[in-house]
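Here the structure is laid out as structure tokens; the discussion comes afterwards.
The values are calculated or read from the model by the stated rules, or taken from the named source; none is laboratory data. Keep in mind that what you see is a predicted model, and the values were worked out from it rather than measured. Every residue, glycine as well, gets a Cβ built from its backbone with ideal geometry; the counts of neighbours run over all protein chains shown. Calculation scope for accessible area: heavy atoms of the full protein, side chains included, ligands and nucleic acids excluded. Shrake-Rupley method; radii C 1.70, N 1.55, O 1.52, S 1.80 Å.
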Amino acid sequence: MWCAVWIANKYLMAGTHVAPGIDLVFVPAGFRLLIVIVFGVWGALGIFLADPLMFMVEFGHGSAREVLINAFISGFAPYFTVKAFCRVAGIKGSLTQLRPIHLPLLALAVSVVTPLLFNLHFLAEGRTQPQQFLHNYTAMMTGDFLGCLLVSIIARVGLAIGRAAFPRAP
């Protein structure tokens, strides 16, 4: 699912493309967050395993080390950020404790941490220059946050429609 959304975003949101790996609206970031929230470490592992394909589509080449580091950031940075957020917010292991106010805050946390790690990685690998760092980081952070918010809103509306269509028995 994450790969399909990533590919669709690449073509449907082409007008928001800033640089390789950076879009001003990045819907896959929202799906990545949703996958990590719902499936936990298994979702992060799935993203980690799928990311090398996305890396090659986006960049065309990269060393095995670069691809693995990128995949680790893609899958596990959101996972560890969600875990840290839940610990700070007092959310213990159950999605039932997740409140609507938590979603934009989670989106913000993941949208700050993951792009920071990606851009530090791009800088270390020579994919970007130091003077581009702040521009690329803020663009990626914005794109991830907007993508996360969009998916959160769609998920919330979908849940509301589902609850209305299939009410629980009293």
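Here are the numbers:
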item: Residue identified as of a type outside the set (Asp, Glu) and under 12 Å from the mean Cα position of the chain (by Cα) among 90, 126, 60, 75; result: 75
item: Output for the stretch 28-42, where each listed residue is among the hydrophobic types (A, V, I, L, M, F, W, C) and touching a residue at least 12 places away in the same chain (Cβ under 8 Å); result: 29, 31, 33, 34, 35, 36, 37, 38, 41
item: Enumeration of residues in the stretch 71-93 that are open to solvent by less than 30 Å² (accessible area, probe 1.4 Å) and not in a helix (DSSP H, G or I); result: 91
item: Residue count for the stretch 150-170, restricted to those that are exposed (fewer than 12 other Cβ atoms within 10 Å of the Cβ) and either more than 29 Å from the chain's Cα centre (by Cα) or aliphatic (A, V, I, L, M) (or both); result: 11
item: Filter result for the condition that a residue is more than 23 Å from residue 6 (Cβ to Cβ) and touching a Phe, Trp or Tyr at 6+ places or on another chain (Cβ under 8 Å), over 134, 105; result: 105
item: Residue match in the stretch 94-111 (condition: touching an Asp or Glu at 6+ places or on another chain (Cβ under 8 Å), at pLDDT 95 or above and open to solvent by less than 80 Å² (accessible area, probe 1.4 Å)); result: yes
